[in-house]
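A short write-up of the structure that comes next.
Laboratory data are not the source of any read-out in this text; all were calculated from the coordinates shown. Please read these numbers as outputs of a predicted model, since none were measured by experiment. FYI the Cβ positions are ideal-geometry reconstructions off the backbone, even for glycines, and counts take in every protein chain you see.
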Amino acid sequence: MCSHSRDEGRTALPALPLPQALARGQARLTVTGLEIEQALEREDWLGLGEYLARMQMATERVESALRWALYDWLTYGEERIFTQGIGYEEVAQRIGLSRQTLANIVSVGRRYAREERFPDLPFSIHAEFAYLPAERRHRALQLARQQRLTTAAARELRRLLGGEPPSGEAPSSESPDGDSPPSGTLAAQHERARGRALEALHGALRALQSVPHRMWAELLMELVLQLNMTRPQLAGELVLRLLEVDTAGQGTQ
């Protein structure tokens, strides 16, 4: 299991000193973008870009931290406040978030003990892997950290690994407000399932292309395609292990 220290989870957000271009009034930030009002020298321009990039990363980290904080706040409420005649409907109206959004946060949060949360991965990636078995979930999170996966790449991996939420559970991060298409006929459901499987296999192909020796990658992908027809769980395990081997190989180079 994951064993993050309390200090690691409490790492402060980086201090972001104001760049010279903003401090001197040569440029200014607005809610619709950046306005550069005076000519910038090379270093001032680069410093401004560095500041904007670090602000973006800090904002993403804050957003993820707030999702975990909302989960902890809601579980406290379930234990000590909801017995006082208040429920999710009233809470949603009071704080301005939809009830489904709150349900999604709780559904994901319940699958992770505090020490299993990766502070350097966004909540959205935790949401993608939340419904995997515990051991596979931890391995997937480690890969996401080592390979620096985006949420979209994590979603492709999750689809191949079979990490869909069980019936009745809140959806993963790809539907943050719980919107989902109508179920339709059984044939339509099968067609959607086939489409998801094809998307997952395409994602696996992109992942396998990073394995050393392209020929081996293509042969292994053929094996994955065959396995996915009859043993989808085994196919997912194969891809997961290949990615782990590739990550280990990159670490020794």
Simple SL model, points at 7 angstrom along Cα→Cβ for Arg54 and Arg80; separation in nm is 3.7 nm
Using 0.36 nm per residue of separation minus the Cα-Cα distance, give me the extension gain between Gln146 and Thr30 in nm, one decimal.
-> 38.2 nm
Given labels modelled 7 Å from the Cα in the Cβ direction, how far is it in nm from Leu66 to Ser98?
-> 1.8 nm
Quick one: if you stick a label point 7 Å off each Cα along the C-beta vector at Glu37 and Tyr88, how many nm between them?
-> 4.8 nm
Would you please put 35-48, 147-160 in order of how densely packed they are, using the mean number of other Cβ atoms within 10 angstrom per residue and starting with the highest?
-> 147-160, 35-48
